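To keep things clear, I will list the structure first and then write my remarks on it.
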Amino acid sequence: MIRTEKLTRTFGSRIAVEGLTLEAQEGEILGLLGPNGAGKTTTVRMLACLLAPSSGEAWVGGHSVLREPQRVRRLVGILTESPGFYKRLTVERNLRFFAELYGVKEPGPAVQRTLERLGLWDRRKEPVATLSKGLRQRLAIARALVHDPKILFLDEPTAGLDPESARSVRDFIGELASDRRTILLCTHNLAEAEELCKRIAVLRTRLVALDTPAALKSRLFGTRVAVDLAQPRPDLLASLHLPFVGEVSLDGHTLTVAVDDPERDNPKLVRRLVELGAEIRYVQRLERTLEEVYLELMGGSDGAP
């Protein structure tokens, strides 16, 4: 549904996006992560045909952003980080205006359907200025959805929201993906990205990494298990010789062991430790967070993905 090849955008001598090549499939939520100035918003604006690439090419829904921008614009919905509304107009009138702008043939039913889906139909007669930030964000998503696009670009959809409102927005984004919509999600919220996104693209002008959160964790940190011992056993560091065991370290009562496949290897590991006289209180897999992955990548992101 979305494909880019060496997509590049410069502003004078400054490179905002350089040689970006990636794909997002139908029904996938692809997360774009990166620090401020990494090129996330610029990428979204190029894909939504709001900004022309300096070089390279991209296709959205099978249409070229260079040669068919009008077709692309009809296919996509976009939620910007700071959506603007006519605050003195009602919720309904605002959304109807954008529905007409998108060329929706029957704007009335489309507006009602979209507002009902976002839980805003009962607030339709209220001026936008009276809405809370959470409700305005719902209205911004409604604006992106009113013409029923199959591709959505969401830039920081939960930024500044209280936990309850943010949870509601995340749940709704998950529902949209279940409708086979393709979603490109720009966010600084790493827990949100890990929860929602099938794959993660980490940008810092160039593409640093692209994979599932689990694969990125495994690639950067390997797989480790922590064995809690009843007594510290420094001698185990030199005695734990098994084909699947990598690095071994001891911190107090906790023995950390790098293994290939915990589900397959843990029973053998435990058996060997018992043979060596270790008293085991519990064994657990060490889970890395997406934040750790992100910080590791940002610490050395000059290479190719």
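Bear in mind these aren't lab numbers, they're just calculated from the coordinates by the rules spelled out. None of the values given here were measured: they were computed from a predicted structure. Quick reminder, even Gly has a Cβ in these numbers, built from the backbone with ideal geometry, and neighbours come from all protein chains shown.
Taking the Cα centre of region 222-287 as origin and charging only Cβ (+1 Lys, Arg; -1 Asp, Glu), how large is the dipole, in debye to the nearest 20? Don't skip to the answer; put the middle values down first.
Details: 8 positive and 11 negative charges, 29 e Å.
Charge dipole of region 222-287: 140 debye, to the nearest 20.
Which aspartates and glutamates, if any, have their Cα less than 20 Å from the Cα of residue 268, not counting same-chain residues under 8 positions apart?
Of all the aspartates and glutamates, those that pass the test against residue 268 - Cα under 20 Å, at least 8 places apart if same chain - are 228, 235, 247, 260, 279.
Classify region 19-121 as rounded, prolate or oblate from the Cα gyration tensor: take a ≥ b ≥ c as the square roots of its eigenvalues, call it rounded if a/c is under 1.5, otherwise prolate when a/b beats b/c and oblate if not.
The shape class here is prolate.
With an 8 Å Cα cut-off and a minimum separation of 6 or more residues, compute the relative contact order for the chain in percent.
Relative CO of the chain lands at 19 percent.
Can you grab the distance from the C-alpha centre of region 192-259 to the C-alpha centre of region 99-116, Å, no decimals?
49
What is the count of Lys pairs in region 82-154 whose alpha carbons sit under 24 Å apart, if the two are 8 or more places apart or on different chains?
5
In vacuum, with every alpha carbon of the chain counted as one equal point scatterer, what does the Debye formula give for log10 I(q)/I(0) at q = 0.11, 0.12, 0.13, 0.16 Å⁻¹? Two decimals, please.
After summing over all Cα pairs, the log10 values are -0.75, -0.84, -0.92, -1.20.
Applying the Karplus parametrisation 6.51 cos²θ - 1.76 cosθ + 1.60 with θ = phi - 60° to the phi angles of region 168-173, what ³J(HN,Hα) value in whole Hz is obtained for each residue in order, glycine and proline being reported as x?
Those phi angles translate into 4, 5, 4, 4, 5, 4 Hz.
Quick one: which residues, 5+ away or cross-chain, put their amide H under 5 Å from the amide H of residue 152? H built at 1.01 Å from N.
Excluding prolines and chain starts, which carry no amide H, the hits are 77, 182, 183, 184.
Nothing charged except the Cβ atoms of Lys and Arg (+1) and of Asp and Glu (-1): what's the magnitude of the dipole of region 130-218 about its Cα centre? Round to the nearest 20 debye.
280
Helix 133-145 against the longest principal axis of the chain: what's the angle in degrees, Cα atoms only, rounded to the nearest 10?
The helix 133-145 is inclined about 70 degrees to the chain.
I need the phi-derived Karplus couplings for region 235-247: 6.51 cos²θ - 1.76 cosθ + 1.60, θ = phi - 60°, integer Hz, Gly and Pro marked x.
5, 5, 4, 9, 10, 8, 9, 9, x, 8, 8, x, 5
How big is the dipole moment of the chain about its Cα centre under a simple scheme where the beta carbon of each Lys and Arg is +1, that of each Asp and Glu is -1, and everything else is neutral? Debye, nearest 20, please.
Using Cβ point charges on Lys, Arg, Asp and Glu, the chain gives about 1440 debye.
Which value in deg cm²/dmol, rounded to the nearest 500, describes the helix-derived mean residue ellipticity at 222 nm for the chain, given -39,500 (n - 2.57) per DSSP H run of n ≥ 4 and division by the residue count? Before the final figure, lay out the partial values.
Numbers: 11 runs with 109 residues, N = 305.
Value at 222 nm, helices only: -10500 deg cm²/dmol.
Any idea how far apart residue 105 and residue 90 come out in nm if each label point goes 7 Å out from Cα toward Cβ?
Result: 2.7 nm between the two label points.
Taking a ≥ b ≥ c as the square roots of the Cα gyration tensor eigenvalues, with a/c under 1.5 meaning rounded and otherwise prolate when a/b beats b/c, else oblate, which class fits region 222-287?
Verdict is rounded for region 222-287.
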